[in-house]
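**Student:** Got a structure here, written out as structure tokens. Questions coming.
The values are calculated or read from the model by the stated rules, or taken from the named source; none is laboratory data. The structure displayed is predicted, hence computed values, not measured ones. Please note: Cβ atoms are built from the backbone with ideal geometry, for glycine as well, and neighbour counts cover all protein chains shown.
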Amino acid sequence: MFERITELPSTYRHLEKMTITEILNHINDEDKTVAIAVEKAIPQIENLIAAIVDKMLAGGRLFYIGAGTSGRLGIVDASECPPTFGVPFDLVIGIISGGDSAIRKAVEFAEDSREQGWIDLMEYKVSEKDVVVGIAASGTTPYVIGALKECRHRGIITGCITCNPGAPVTEEADFPIVVVAGPEFITGSTRMKSGTAQKLVLNMISSTVMIQLGRVEDNKMVHMQLSNEKLVDRGVRMVMEKTGMKDYKEVKSLLLKYGSVKKVIDNLASEIKVADKARG
């Protein structure tokens with residue numbers, strides 16, 4: 001029987017007697033330990049990312065699957081990939097036990113089914129081209145374990161993100177990531193340090209994968225979707241910095257015409273080549 005570190009008693013007692021300042025300082029002290037715990041797992045994270053990149057370069061997709069806080073974190077990370085990196089909405093997919101309604105409101109006992117996770121994955125015609133990452137702070141969620149087990153049975157690469165060493169979910173993951181964040185400030189409340197650890201790892205996975213896929217140039221999101229004025233303004237300034245153009249309105253017009261920073265820069269570079277060739 002493995003030790004459920006995420007369920008160990010908080011090292012703090014009588015929280016209700018603390019002042020607001022004391023509570024905040026103690027939570028902050030605990031949060032400071034999370035990044036260090038994630039650092040120790042970097043070799044595991046690297047191995048999973050390498051496998052994801054290989055599959056995506058061959059036309060595969062990335063799936064996150066989880067329950068509760070873990071499932072919501074996967075959905076957040078997946079949903080931010082299209083606007084940030086300009087990839088199709090179905091390239092990175094987040095699935096949560098209980099369906100989309102569980103994003104806002106907990107669906108009781110949804111995570112206890114070992115069969116439903118695979119059923120939910122089948123709706124997306126998951127195959128051996130893809131990678132499925134189970135997210136479970138405790139590492140004991142039947143919904144996630146069952147899904148990963150069926151994936152492995154069918155030759156689909158699996159990974160997991162958990163906060164308990166030796167957890168059952170690691171046995172069904174080809175690439176397990178274990179971040180030992182320790183007991184929570186509020187005993188068992190894994191939306192706190194464990195959730196923060198999972199969020200940090202997910203940021204690392206999606207960001208690194210997208211960089212490896214060429215969706216970032218220098219340090220810029222050159223493929224981002226222009227979905228609001230803030231992003232349009234950011235895009236205009238990116239083009240101006242890259243090309244040396246000075247006319248804000250002209251650059252904005254080009255950006256809205258072509259739809260992305262990358263396309264504007266590529267088209268301008270192409271026009272320069274044509275002009276240089278004509279001058280010959």
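**Student:** With respect to Met238, determine if the residue is in contact (Cβ under 8 Å) with a residue 60 or more places away in the chain and either in contact with a helix residue (DSSP H, G or I) (Cβ under 6 Å, 6 or more places away or on another chain) or crowded, with 17+ Cβ neighbours inside 10 Å (or both).
**Tutor:** Spelling it out, it is not the case that Met238 is in contact (Cβ under 8 Å) with a residue 60 or more places away in the chain and either in contact with a helix residue (DSSP H, G or I) (Cβ under 6 Å, 6 or more places away or on another chain) or crowded, with 17+ Cβ neighbours inside 10 Å (or both).
**Student:** Which condition breaks for Glu111 when tested against (1) crowded, with 18+ Cβ neighbours inside 10 Å; (2) of a type outside the set (Ser, Thr, Tyr); (3) within 21 Å of Leu121 (Cβ to Cβ); (4) at pLDDT 95 or above?
**Tutor:** (4)
**Student:** Then there's this: Taking the options Leu57, Leu8, name whichever one is within 24 Å of Thr141 (Cα to Cα), in contact (Cβ under 8 Å) with a residue 60 or more places away in the chain and exposed (fewer than 15 other Cβ atoms within 10 Å of the Cβ).
**Tutor:** Answer to the selection: Leu8.
**Student:** In addition: Of all residues in segment 208-219 being buried (at least 18 other Cβ atoms within 10 Å of the Cβ) and of a type outside the set (Val, Ile, Thr), which is nearest to the chain's Cα centre (by Cα)?
**Tutor:** Going through the qualifying residues, I end up with Met210.
**Student:** Six or more apart or on different chains, Cβ under 9 Å: which pairs go from a residue in segment 102-128 that's in the same structural domain as Ile157 (by TED's automatic domain parsing) to one that's of a type in the set (S, T, N, Q) and loosely packed, with under 12 Cβ neighbours inside 10 Å? Could you list them?
**Tutor:** Listed by first residue and then by second, the contacts come to Val107/Ser101.
**Student:** Also: Any residue in segment 191-201 that is closer than 22 Å to Ile75 by Cβ, in the same structural domain as Leu73 (by TED's automatic domain parsing) and assigned to a loop (DSSP other than H, G, I, E, B)?
**Tutor:** yes
**Student:** What do you reckon, is Arg72 surrounded by 15 or more Cβ atoms within 10 Å (Cβ to Cβ) and without any contact (Cβ under 8 Å) to a residue 40 or more places away in the chain?
**Tutor:** yes
**Student:** Need the failing condition index for Leu24 against (1) within 17 Å of Gly188 (Cβ to Cβ); (2) out of contact with any Cys (no Cβ under 6 Å at 6 or more places or on another chain); (3) part of a helix (DSSP H, G or I), just the number.
**Tutor:** Among (1) within 17 Å of Gly188 (Cβ to Cβ); (2) out of contact with any Cys (no Cβ under 6 Å at 6 or more places or on another chain); (3) part of a helix (DSSP H, G or I), Leu24 violates only (1).
**Student:** Which of the residues belonging to segment 123-141 are within 17 Å of Thr6 (Cα to Cα) and more than 20 Å from the chain's Cα centre (by Cα)?
**Tutor:** The answer is Thr140, and nothing else.
**Student:** For segment 50-65, indicate whether the set of residues that are under 22 Å from Lys193 (Cα atoms) and among the aromatic types (Phe, Trp, Tyr) is non-empty.
**Tutor:** Yes, segment 50-65 contains a residue that is under 22 Å from Lys193 (Cα atoms) and among the aromatic types (Phe, Trp, Tyr).
**Student:** Being under 31 Å from the mean Cα position of the chain (by Cα) and either farther than 16 Å from Gly182 by Cα or in contact (Cβ under 8 Å) with a residue 60 or more places away in the chain (or both) is the filter here; which residues of segment 13-36 pass it?
**Tutor:** Ile23, Leu24, Asn25, His26, Ile27, Glu30, Asp31, Thr33, Val34, Ala35
**Student:** Quick one: would you say Ile145 is in a strand (DSSP E or B) and crowded, with 21+ Cβ neighbours inside 10 Å?
**Tutor:** no
**Student:** Also: Give the residues of segment 164-220 that are of a type in the set (Asp, Glu) and in contact with a Gly (Cβ under 7 Å, 6 or more places away or on another chain), sorted by residue number.
**Tutor:** Asp174
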